[in-house]
Number of protein chains: 2
Amino acid sequence: MKFCPHCGADIAQAIPEGDDRPRFVCNRCQTIHYQNPKIVVGTIPEWENRLLLCRRAIEPQAGMWTLPAGYLENGETMIDGARRETREEAGADLKTLAPFALFDLPFINQVYVMFYGPLASNLYRAGKESLEVRLFDEADIPWNERAFTVVRETLERFFRDRAAGRFLLHTGTIVPPPNSPFHHRNRETST
Amino acid sequence: MKFCPHCGADIAQAIPEGDDRPRFVCNRCQTIHYQNPKIVVGTIPEWENRLLLCRRAIEPQAGMWTLPAGYLENGETMIDGARRETREEAGADLKTLAPFALFDLPFINQVYVMFYGPLASNLYRAGKESLEVRLFDEADIPWNERAFTVVRETLERFFRDRAAGRFLLHTGTIVPPPNSPFHHRNRETST
């Protein structure tokens, strides 16, 4: 952030009085522009014991398989956002959703909220952000071509729970893989 | 948002190609500035069957009683954020925290994540944003002087669960009170 979205003047990084960390502060109107984590909402869509995955058409991780997920929008509930993302990316509708996992990803300033739910039918098709959408048996999950650590963490917990005959609510912090650029990423973000 | 935080040029509201809703788009550099919900993290701090509440020193709802809560910061996990807010507002440390409630507040573009936990000791004191901090028995909760619907919804569920001898994970959507200005609030926000 270089210019004030309110008045267009230059922005500086400064610790405001009474605060304990640097913020983007306008040099003219003094407005403090806070930066906060974003919420990603997604689903684990199931049909006759198989899960619906999407192969990403866009970066990051283009060509890799993922669960339907995306940023929660203003004015939207988390469940509504998770349904919307599933419709947009996989052309699929879900029945009743239940919360399954709540993950912190502090290295990229995100929180993931994943819901589990059966598909309303076996109708689905790739949306604009997907190359391909397919149902997978557990044995066929493309583990070596999956996008994002949080997808692996979600799927592993899901199959463990399903084998045990009950779904728990999962919480935890996702750590970036060792070769990830996020390993040395600073806490501050800039836009 | 009136000026582009990247280049300082004028911002217009427009529906970008492939999108389905208006965004803030820079007239010069074409950057799309997305607006997304914020996460509020808070706690239900308990000491010998009593709950720790804070009387707010600042608007909104100055003078009213609330649970410690505030915006999640970049680079922070939800549990760490909830502990930080409890220290800042109530000068108190918590033992092990467990997730208790996950609320959507789409009318103000917020998600609340509330954790339950016993206090580490009976040491507490009002921080800068609190006029007063006090432990309350259930019978003494100042229901008529409490801030925010989400606090009432959290406390009611907490006492119900405690009486039943088990804590559930609660989810739901908070609706603004009938006399609230948010009743006619538009979906779009501006900064």
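Throughout, read-outs are computed from the coordinates displayed, never taken from laboratory work. Remember, it's a predicted structure, so these values are computed and weren't measured experimentally. Virtual Cβ from ideal backbone geometry, glycine too; neighbours counted across all protein chains shown.
A few points about this structure:
- Out-of-range pairs (alpha-carbon distance over 30 Å; input A:K38/B:K2; A:K2/B:K95; A:K38/B:K128): A:K2/B:K95
- Between the stretch A:114-174 and the stretch B:105-122, the alpha-carbon center distance in angstrom: 28
- 3J(HN,Hα) couplings calculated from phi for the stretch B:10-20 with the Karplus curve 6.51 cos²θ - 1.76 cosθ + 1.60 (θ = phi - 60°) are, in sequence order, 5, 10, 10, 8, 8, 8, x, 4, x, 9, 10 Hz; Gly and Pro show x.
- Nearest-first distances (nm) between copies at A:V175, label 7 Å from Cα via Cβ: 4.5
- Dimensions in Å of the protein assembly as shown - Rg and Dmax from alpha carbons: 21.8, 60
- Distances in nm from A:K2 to the matching label points in the other copies, shortest first (labels 7 Å along Cα to Cβ): 2.1
- Once backbone amide H atoms are built at 1.01 Å from N, A:G172 has A:L102, A:D104 as its partners under 5 Å, excluding neighbours fewer than 5 places away on the same chain.
- Amide proton proximity set for B:A92, modelled H, under 5 Å, gap of 5+: B:R87, B:R125
- Copy-to-copy label separations for A:I15, where each label sits 7 Å from Cα toward Cβ, in nm and ascending: 4.7
- Dipole in debye (nearest 20) - the stretch B:1-141, about Cα centre, beta carbon charges: Lys, Arg +1; Asp, Glu -1: 340
- Taking chain A as a Gaussian network of alpha-carbon nodes connected by springs under 10 Å, the highest mean-square fluctuation of the residues A:G42, A:G70, A:G91 belongs to A:G91.
- √(5λ) per eigenvalue of the Cα gyration tensor, the stretch B:1-128, largest first, Å: 38, 15, 13
- In Hz, Karplus ³J(HN,Hα) per residue of the stretch A:26-42 (6.51, -1.76, 1.60; θ = phi - 60°; x = Gly, Pro): 6, 5, 9, 8, 6, 4, 8, 9, 6, 10, 10, x, 9, 9, 9, 10, x
- Residues considered: B:S180, B:S130, B:S121. Largest GNM mean-square fluctuation over chain B, using C-alpha springs under 10 Å, is found at B:S180.
- Among A:E76, A:E89, sorting on how many other beta-carbon atoms sit within 10 Å of each Cβ, with the fewest leading, yields A:E76, A:E89.
- Using just its DSSP H runs of length 4 or more, each adding -39500 (n - 2.57), the protein assembly as shown gives a mean residue ellipticity at 222 nm of -5000 deg cm²/dmol after division by all residues.
- Three-way shape label, the stretch B:78-153, alpha-carbon gyration tensor, a/c 1.5: oblate
- Couplings for the stretch A:44-50, taken from phi via the Karplus curve 6.51 cos²θ - 1.76 cosθ + 1.60 with θ = phi - 60°, read 10, x, 10, 9, 6, 6, 9 Hz in order; Gly and Pro are left as x.
- Proximity of backbone amide H atoms, modeled 1.01 Å from N, is registered between B:G75 and A:N109 at under 5 Å, excluding neighbours fewer than 5 places apart on the same chain.
- Of B:Y71, B:Y112, B:Y34, the one that fluctuates the most in a GNM where chain B has Cα springs shorter than 10 Å: B:Y34
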